[in-house]
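Engineer: Sharing a structure below in structure tokens format, with a few things to ask.
The values are calculated or read from the model by the stated rules, or taken from the named source; none is laboratory data. Values in this document were obtained by computation on a predicted structure and should not be read as measured data. So basically every Cβ, Gly included, is an ideal-geometry build from the backbone, and we count neighbours across all protein chains shown.
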Amino acid sequence: MVKKEYAAHIAVPAVIALILFFLFPSCNPDYRRRFPLPGLISVGKLTRLGPGSFYLPAGFSPEKQYPLIVLLHGLGQTGESFMYGNSFMEQADKHGYILCAPKSEHYYWNEDITSPDIQNIRTMILTMRAHFPIRRDKICMFGFSAGSHFTHTMLLFNRIPFSPEKLFTAYVAGSGGSGFLMDQYREHHTIPADLKIPGYIFWGRREVPHPGEEMAEFLRGQGWDITVYTHNGHHSFDGHLASLAFDWLDGKIP
């Protein structure tokens with residue numbers, strides 16, 4: 001049982017976060033006004049959207065439903081550089097996925113509960129849902145390094161106002177820890193049960209300490225369905241690791 005002082009320590013920030021959640025502009029149902037689409041959209045090429053970009057796979061058809069992968073870049077990167085450098089577009093063409101790659105407002109992801117990054121990511125996802133035939137049951141947050149930290153932060157904001165739906169239904173976190181806000185929950189050995197989704201956490205065996213290992217143990221202890229993969233490398237990411245993660249997602253949510 002969580003001690004009363006611990007419960008209060010968690011409950012107060014949670015109430016504040018909930019209030020802010022409903023007051024932010026992204027609660028407006030017309031998300032398309034905030035990040036309007038450009039006049040020309042090319043299939044098989046990156047297209048700008050708000051503070052980031054998206055990619056429609058080769059052979060895209062508005063008559064078909066597509067999973068969505070939301071890519072969170074590492075420290076100092078952009079969504080475009082993360083997407084271009086790691087075979088994501090090739091994997092999207094192969095698996096039939098739409099990609100969305102936000103960019104952090106600064107060179108790092110801001111983990112504060114009033115963070116514009118949290119709001120921008122949420123709004124980009126909802127905008128993509130409004131414009132394109134996205135499978136609501138197969139939206140995956142995919143972060144590496146600092147993006148992995150922020151992916152675990154986004155787990156705490158994985159709700160849509162006035163809806164029982166989650167913002168995303170699975171996640172991948174590579175070579176990154178839990179992030180400041182998630183650490184508050186880890187310290188008190190609890191996390192809201194309704195946030196539970198399947199996750200895939202990976203890191204290199206030559207990374208010391210192993211980033212993500214403690215987070216995987218914590219979530220498994222909370223009853224989450226977490227798959228762990230370790231590779232024989234350092235703090236690195238490539239197309240092969242992207243392929244393994246996409247295969248995991250297809251197996252977890254066909």
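Engineer: When you scan region 77-92, how many residues do you find that are buried (at least 16 other Cβ atoms within 10 Å of the Cβ) and not hydrophobic (A, V, I, L, M, F, W, C)?
Structural biologist: 7
Engineer: Please verify whether residue 228 is part of a strand (DSSP E or B), over 26 Å from residue 134 (Cβ atoms) and among the β-branched types (Val, Ile, Thr), treating the condition exactly as stated.
Structural biologist: yes
Engineer: Okay, moving on. Please name all residue pairs, on different chains or six or more residues apart, with Cβ atoms under 7 Å, provided the first residue is in region 240-254 and is closer than 11 Å to residue 170 by Cβ and the second residue is part of a loop (DSSP other than H, G, I, E, B).
Structural biologist: Sorted first by the residue in region 240-254, then by its partner, the pairs are 252/198; 253/169.
Engineer: Now for a separate question. For region 231-251, give me the residue count where each residue is under 17 Å from the mean Cα position of the chain (by Cα) and either under 27 Å from residue 187 (Cβ atoms) or part of a loop (DSSP other than H, G, I, E, B) (or both).
Structural biologist: 1
Engineer: Within region 66-76, can you find the residues that are out of contact with any helix residue (DSSP H, G or I) (no Cβ under 8 Å at 6 or more places or on another chain) and either free of Cβ contacts under 8 Å to residues at least 24 places away in the same chain or surrounded by 14 or more Cβ atoms within 10 Å (Cβ to Cβ) (or both)?
Structural biologist: Of region 66-76, the ones out of contact with any helix residue (DSSP H, G or I) (no Cβ under 8 Å at 6 or more places or on another chain) are 66, 76.
Within region 66-76, just 66 meets the criteria.
Engineer: Restricting attention to region 159-192, and to residues there that are out of contact with any helix residue (DSSP H, G or I) (no Cβ under 9 Å at 6 or more places or on another chain) and touching a residue at least 24 places away in the same chain (Cβ under 8 Å), which single residue is surrounded by the most Cβ atoms within 10 Å (Cβ to Cβ)?
Structural biologist: So the residue we want is 169.
Engineer: Regarding region 3-25, can at least one residue be identified that is at pLDDT below 95, over 30 Å from residue 187 (Cα atoms) and assigned to a helix (DSSP H, G or I)?
Structural biologist: Taking every residue of region 3-25 in turn, at least one turns out to be at pLDDT below 95, over 30 Å from residue 187 (Cα atoms) and assigned to a helix (DSSP H, G or I).
Engineer: Give me the residue from region 227-254 that is more than 16 Å from residue 82 (Cβ to Cβ) and touching an Asp or Glu at 6+ places or on another chain (Cβ under 7 Å) and, out of that set, surrounded by the fewest Cβ atoms within 10 Å (Cβ to Cβ).
Structural biologist: It comes out as 234.
Engineer: I'm trying to understand the selection: among the residues of region 85-110, which are of a type outside the set (A, V, I, L, M, F, W, C) and assigned to a loop (DSSP other than H, G, I, E, B)?
Structural biologist: Residues satisfying the conditions are 85, 86, 87, 96, 97, 103, 104, 105, 106, 107, 108, 110.
Engineer: Note down all Cβ pairs under 6 Å where the first residue falls in region 88-107 and is touching a residue at least 60 places away in the same chain (Cβ under 8 Å), the second is β-branched (Val, Ile, Thr) and surrounded by 24 or more Cβ atoms within 10 Å (Cβ to Cβ), and they're at least six residues apart or on different chains.
Structural biologist: Close Cβ pairs satisfying both conditions: 97/69.
Engineer: Here's a follow-up. Can you name the residue in region 158-190 that is touching a Gly at 6+ places or on another chain (Cβ under 7 Å) and hydroxyl-bearing (Ser, Thr, Tyr) and is also farthest from residue 230 (Cα to Cα) among such residues?
Structural biologist: Result: 171.
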